[in-house]
Amino acid sequence: MILGVIYLLFSRVTDEIRGDLYPISQKQDSMQGLSINSSRTPDEVPVSHKVVYLTFDDGPSKYTNEILDILKEYQARATFFMIGTQLDGHKNEVQRIVIEGSYPGLHSMSHDFNILYKSGSSTQFIEEFQREQQLVEDIVGFAPNLIRAPYGSEPQIDEEFRGDISASGFRMWDWTVDSMDWSSSKRRAMSLTCTIPTIPL
């Protein structure tokens with residue numbers, strides 16, 4: 001399924017995908033001495049043609065290396081919005097994400113709706129992302145600031161909540177197309193193949 005999804009995405013774009021957060025020339029074989037510009041976010045990368053910005057949520061997992069293999073084959077990069085509780089068992093994959101030019105985004109520690117949003121306050125939400133940010137920094141050597149809110153930002157994140165996130169130094173990268181791939185394994189392939197071709201480029 002992953003191969004099919006990426007093939008569909010790549011068939012919609014021209015030569016090169018420029019959703020990178022730092023130059024590919026800075027890839028190295030190990031984390032030691034890796035120097036990157038972690039402040040360069042996708043909306044700041046100059047482009048001269050239409051692009052697809054690839055993101056993968058809810059990892060790292062047993063599928064991360066397979067996804068990275070496919071990205072490497074197509075000389076593409078992506079942002080991996082990761083869950084903090086899953087980092088410990090996949091440190092090598094997290095390091096590989098950075099070494100191969102992709103970006104380690106943050107997706108909260110728990111991915112738990114009640115913990116993150118039930119109070120109506122931004123406090124617990126921000127604390128979770130700060131904890132995860134420190135864990136990722138311990139693994140890759142820099143503190144990423146690009147985050148994705150679990151379940152999307154609407155309607156639970158209002159203007160004040162969003163302002164608190166920004167004041168804490170985070171930049172939120174939302175999503176606008178729900179492929180429904182989470183709903184059931186039976187519908188997953190059909191949902192993705194129907195949704196992706198309709199995304200305006």
Filtering the stretch 146-165 down to residues that are touching a strand residue (DSSP E or B) at 6+ places or on another chain (Cβ under 8 Å) and among the small types (Gly, Ala, Ser) yields Ala149, Ser153
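Could you say whether any residue in the stretch 113-123 is among the small types (Gly, Ala, Ser), over 16 Å from the mean Cα position of the chain (by Cα) and crowded, with 17+ Cβ neighbours inside 10 Å?
Initially, the stretch 113-123 is screened for residues among the small types (Gly, Ala, Ser), giving 119-122.
Imposing the further condition that a residue be over 16 Å from the mean Cα position of the chain (by Cα) reduces the set to 119-122.
Now restrict to residues that are crowded, with 17+ Cβ neighbours inside 10 Å: 122.
Checked the stretch 113-123: at least one residue is among the small types (Gly, Ala, Ser), over 16 Å from the mean Cα position of the chain (by Cα) and crowded, with 17+ Cβ neighbours inside 10 Å.
State yes or no: is Gly169 crowded, with 16+ Cβ neighbours inside 10 Å, of a type in the set (Gly, Ala, Ser) and either modelled with pLDDT of 95 or more or closer than 22 Å to Glu93 by Cα (or both)? Spell out the reasoning first.
Working: crowded, with 16+ Cβ neighbours inside 10 Å: no; of a type in the set (Gly, Ala, Ser): yes; either modelled with pLDDT of 95 or more or closer than 22 Å to Glu93 by Cα (or both): yes.
No: the conditions fail for Gly169.
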*asked:* It is to be established whether one or more residues within the stretch 66-75 are in contact with a helix residue (DSSP H, G or I) (Cβ under 8 Å, 6 or more places away or on another chain), loosely packed, with under 15 Cβ neighbours inside 10 Å and modelled with pLDDT of 95 or more.
replied: yes
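Go over the candidates Val94, Val136, Val98 one by one and state the one that is in a helix (DSSP H, G or I), in contact (Cβ under 8 Å) with a residue 60 or more places away in the chain and buried (at least 19 other Cβ atoms within 10 Å of the Cβ). Before you say what the answer is, go through the steps one by one.
On the way: Val94 fails: in contact (Cβ under 8 Å) with a residue 60 or more places away in the chain; Val136 fails: in contact (Cβ under 8 Å) with a residue 60 or more places away in the chain.
Of Val94, Val136, Val98, the one residue that is in a helix (DSSP H, G or I), in contact (Cβ under 8 Å) with a residue 60 or more places away in the chain and buried (at least 19 other Cβ atoms within 10 Å of the Cβ) is Val98.
Does Gly101 satisfy the condition of being modelled with pLDDT under 95, within 14 Å of the chain's Cα centre (by Cα) and under 25 Å from Leu68 (Cα atoms)? Please lay out each step first, then the result.
Values: modelled with pLDDT under 95: no; within 14 Å of the chain's Cα centre (by Cα): yes; under 25 Å from Leu68 (Cα atoms): yes.
Against the criterion (modelled with pLDDT under 95, within 14 Å of the chain's Cα centre (by Cα) and under 25 Å from Leu68 (Cα atoms)), Gly101 does not qualify.
The values are calculated or read from the model by the stated rules, or taken from the named source; none is laboratory data. Remember, predicted model here, so these are calculated numbers, not experimental data. Backbone-built Cβ (ideal geometry, glycine too); neighbour counts: all protein chains shown.
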